[in-house]
1. Given the criteria touching a Gly at 6+ places or on another chain (Cβ under 8 Å) and at pLDDT below 95, does residue 117 qualify?
2. Mind counting the residues in the range 69-116 that are in contact with a helix residue (DSSP H, G or I) (Cβ under 6 Å, 6 or more places away or on another chain) and among the polar types (S, T, N, Q)?
3. Those residues that are over 13 Å from residue 154 (Cα atoms), among the aliphatic types (A, V, I, L, M) and touching a residue at least 60 places away in the same chain (Cβ under 8 Å), I need them from the range 26-60; list them, please.
4. Please go through the range 104-151 and pick out each residue that is closer than 17 Å to residue 165 by Cα, among the hydrophobic types (A, V, I, L, M, F, W, C) and in a loop (DSSP other than H, G, I, E, B).
5. (1) touching a strand residue (DSSP E or B) at 6+ places or on another chain (Cβ under 7 Å); (2) open to solvent by less than 10 Å² (accessible area, probe 1.4 Å): which one isn't true of residue 130, the others all being true?
6. Where in the range 5-89 are there helices (runs of 4 or more DSSP H), lying wholly inside it, with at least 2 residues that are farther than 26 Å from residue 137 by Cα and either open to solvent by less than 40 Å² (accessible area, probe 1.4 Å) or not polar (S, T, N, Q) (or both)?
7. Please find, within the range 152-181, the residue that is most open to solvent (accessible area, probe 1.4 Å) out of those that are part of a loop (DSSP other than H, G, I, E, B) and of a type in the set (D, E, K, R).
8. Restricting the search to the range 122-134, which residues are modelled with pLDDT of 95 or more and over 9 Å from the mean Cα position of the chain (by Cα)?
Amino acid sequence: MKTTLEDTLLASIRTIPDYPKPGILFRDITTLLGNARAFRRAIDELVHPYVGLKVDKIAGIEARGFILGGAIAHQLSAGFVPIRKKGKLPHETVRVAYSLEYGLDEMEMHKDAVAPGEKVILVDDLIATGGTAEGAVKLLSQMGADIVAACFVIDLPDLGGRKKLENLGVDVRTLIAFEGH
């Protein structure tokens, strides 16, 4: 019996209640990453719409976006750009502040990571409130990137992050949605 992509992904994502704080249902993709079949199917689905499109770079948001983004970059023969928390990159950087559900933070990337006009796909594991992804979009835009899309395995639509990115003119691709958070 062949299972659907959604069945495969849902069965491979662990939900941890009350993490990182009470009332939150944390969607843990480390179990998906450890399941070769589910990991392969997720990457294949994220890559598929962009095969044949000349994509220059995949930008992954720390940390799970690095894992997914590296695999996607490999499949698309694109470069990979890490977007990290402030102070983690060794060379000259550009930085942007962004809001989290529980405060403010800053992210940065190397100043020479993206050239103006390069086609970039942003990748992370999950889109929730969209604060981190919105910050990454602003950072890439500041560098002159042509943001082709933002891709996520999981969408938490009740939290509005997808809409936030779409309002910035970014095409958003997600594989599964979890109602509630």
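1. Working: touching a Gly at 6+ places or on another chain (Cβ under 8 Å): yes; at pLDDT below 95: no.
Spelling it out, it is not the case that residue 117 is touching a Gly at 6+ places or on another chain (Cβ under 8 Å) and at pLDDT below 95.
2. 2
3. 53, 55, 58, 59
4. 128, 145 - these are the residues of the range 104-151 that are closer than 17 Å to residue 165 by Cα, among the hydrophobic types (A, V, I, L, M, F, W, C) and in a loop (DSSP other than H, G, I, E, B).
5. Single failed check for residue 130: (1).
6. Details: elements: 5-12, 30-33, 36-47, 64-76.
The qualifying helices (runs of 4 or more DSSP H) are 5-12, 36-47.
7. Here the answer is 179.
8. Taking the range 122-134 first, the residues modelled with pLDDT of 95 or more are 122-127, 133-134.
Across the range 122-134, the qualifying residue is only 134.
The values are calculated or read from the model by the stated rules, or taken from the named source; none is laboratory data. The shown structure was predicted, so the numbers you read here are calculated from the model rather than taken from an experiment. Cβ sites come from the backbone with ideal geometry, for glycine too, and all protein chains shown count toward neighbours. Only protein heavy atoms, including side chains, enter the accessible area calculation; ligands, DNA and RNA are left aside. Shrake-Rupley method; radii C 1.70, N 1.55, O 1.52, S 1.80 Å.
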